[in-house]
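Only one structure is covered here, and it is reproduced in the block below.
Where a number appears in this text, it was derived from the coordinates with a stated rule and is not lab data. Computed from a predicted model, the values in this text were never measured in an experiment. Cβ coordinates were reconstructed from backbone atoms using ideal geometry, including for glycine residues, and neighbour counts include every protein chain displayed.
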Amino acid sequence: MPSKFRSVLSPELTAKLAALGTQHGPSDRELENVLADLAALSPHLIVRASREIAEAAGLRWWPSSRNPALDWHFGGLSYRHELLRKNREYAWLFLFDGNGYVREAALNSLNNPPRSPFFFAALAWRLNDWVRAVRQAAERCAERVLHRTACDVAATAALYLLGRRLAWGRWSDEAKALDKVFERKDVMAGIALRLTQQPTGPLATYLRQALRYPAIDEHLPRIASTAIQPSVRAVAYRCLISGKAAWTVGFEWAWIDKVYGVRRRVPKLETREIQRTGQVADIIKEAIRDKSHVVRIVAADGLIAARSHLPDAQMLIVQLANDSSPAVRARADYMLRHPASGPPS
């Protein structure tokens, strides 16, 4: 019967991990080849890959000293520490060790920034480790090395990690170690570029989380006008039209019916004013011309709020009234039935 879950590691990489050091002890060349293959993995595979790496490499939960044959395959705890002392590059492999003491030692020995988005995600995953001491070691490691990460590496990893902030439940303040990297101007430029160019993925969610960093503000006009995904353009336009950025920081309960005790979880938001260039009227006009009705709905919502300040609001309303989208026409109909209360400024 075929396996329910497809392996994220190639058979070749699995074989390399399984054979690592089993003959005459691990060699630096073997380790180098394995780490190169791991570095090529996508950061969004980090959770599943972590389990498979530990299993394939024999990085077991408990020492296997009863079987001396396993001592060359990372079976002994003291042997793994010895390898770390001889070659700190083993730390990148031992980040996936099943023993928390080894993971902590690996993090304490790292002094170089991650070489790839996957290893950047591996450090982030350790910030969410189930062992508190490991999370603390990961936080110290992040302080030492992450600020030196190349912008391309950090920006590529960010597209996945921005969506993990609320999904990963063990970390709290440890997640702030990533903020110091993502708020860098060069990293944010890379994030913005990927948000505009990638055709697939939950990029609108990533953009909403990126809004917590003021460095994203200068990129919002370009994202709004050129992003491939309509949902990404819509988020950017909403910020530019409203002059505010909002992002989810958690969840809270809201009552639906107190009598019957019915409630639901709703997002808890934080907001800030954005640094906006250009006039609101021009931004709305640009959004109205967008080919996606998702963006034109945002434009119509913005026009409802700002029409009393726009001298040509009536012309824009008529344009929206002839839109191909029923949702856009409904908003135009509302504005025609409910004229603005104040004169345009």
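Table for the structure above
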| item | result |
| --- | --- |
| The chain: angle of helix 28-39 to the longest principal axis, Cα-based, in degrees nearest 10 | 20 degrees |
| MRE, 222 nm, helices only [DSSP H, n ≥ 4, -39500 (n - 2.57), over the chain, to nearest 500] | -16000 deg cm²/dmol |
| More than 22 Å apart - percent of Cα-Cα pairs taken over the stretch 83-177 | 20 percent |
| Distance cut-off 18 Å, percentage of C-alpha pairs in the stretch 278-345 lying past it | 25 percent |
| Kirkwood Rh and Cα Rg combined as Rg over Rh, evaluated for the stretch 126-180 | 0.95 |
| The stretch 211-293, Cα convex hull volume normalised per residue, Å³ | 125 Å³ |
| Order by protection proxy (mean Cβ within 10 Å, highest first), peptides 167-177, 132-142, 292-302 | 292-302, 132-142, 167-177 |
| The chain: antiparallel DSSP beta bridges as a percent of all, rounded to 5 | 100 percent |
| The chain - Debye-derived log10 I(q)/I(0), Cα point model, q = 0.09, 0.11, 0.12, 0.15 Å⁻¹ | -0.62, -0.82, -0.91, -1.18 |
